[in-house]
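Encoded as structure tokens, the structure appears first; notes follow it.
Where a number appears in this text, it was derived from the coordinates with a stated rule and is not lab data. Keep in mind that what you see is a predicted model, and the values were worked out from it rather than measured. Note: ideal-geometry Cβ built from the backbone for every residue, glycine included; neighbour counts use all protein chains shown.
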Amino acid sequence: MPLPRVPASPERAPATAGPRAHGVWAMDTVDVSLVIPTRNERENITPLLSEIRAAMAGSSWEALFADDSTDGTDAVIARLAADDSRIRLLHRPVNRGGLAGAVAAALPDVRGAYVCVLDADLQHPPDKVPDMVREAERTGADIVIASRYITGGGDGGLDGRWRQFYSRGLKALSKLAFPRRLAGISDPLGGFFLVRRSALGDVQLRPVGYKILLEILIRCPWQRVCEAPYRFRPRRHGDSNAGLREGMHFLRHLAVLVFDCSPLFSRWKRNQLPARDR
């Protein structure tokens with residue numbers, strides 16, 4: 001079933017193809033921009049695009065790969081993009097901000113009324129994307145999160161009990177830091193979500209690590225969030241980015257968000273200003 005047609009957001013002018021993201025445009029706007037951060041995912045690209053083409057049949061879409069690879073993944077994407085104008089490549093010579101930084105770098109170049117972020121490791125099923133768009137249209141939600149933690153979802157694709165414990169622990173820490181903003185959200189650290197481009201506003205995102213959804217949930221001016229269940233699939237190729245180093249990046253990211261956005265720190269920072277500047 002084709003996706004519902006939605007107008008392009010008036011808040012952001014469509015980006016033009018420039019020196020950063022390379023590709024040939026077949027149309028000015030699309031229904032959905034798929035933003036896919038990649039780091040050494042060479043073997044996953046072809047099967048992922050096959051799934052995307054099948055899932056998005058009958059709808060207009062683009063796939064913008066934000067690539068930090070050193071294994072030739074960018075060459076694979078570039079070769080496929082030469083035969084399909086819906087595919088674009090943003091290859092970053094320097095990895096700044098991890099996978100979340102790659103997504104943030106790609107967002108100004110998207111043309112979709114909706115932006116869907118998903119990983120390239122095939123753990124996020126592309127056939128859920130049309131369901132997420134329909135859910136956004138049905139509910140009026142600005143953000144639709146594909147959740148592993150509601151009825152119908154599952155996190156069985158996480159590698160072992162330690163990674164499951166790690167994921168749930170960081171989620172609990174995030175909700176402790178922002179209890180009101182994240183109230184009712186079961187999966188605020190997920191990597192698979194859909195956002196209305198207009199809900200991104202003109203906010204400057206400053207992520208560290210790979211939790212771009214948390215950055216958007218805390219900084220952007222969304223009004224409504226809903227969740228749709230999905231089952232996290234096992235990884236087919238490559239290695240997970242999760243580990244102690246990424247855990248430390250997450251703690252740093254959370255600390256920056258708390259300092260920048262927590263109401264408690266906002267009041268403290270106001271109190272530090274001279275009275276004439278408050």
Between residue 139 and residue 96, with labels modelled 7 Å along Cα→Cβ, what's the label distance in nm to one decimal, could you check? 3.4
If the viscosity is 1.306 mPa s and the temperature 10 °C, what translational diffusion coefficient in µm²/s does Stokes-Einstein give for the stretch 36-110 when Rh comes from Kirkwood over Cα pairs? 126
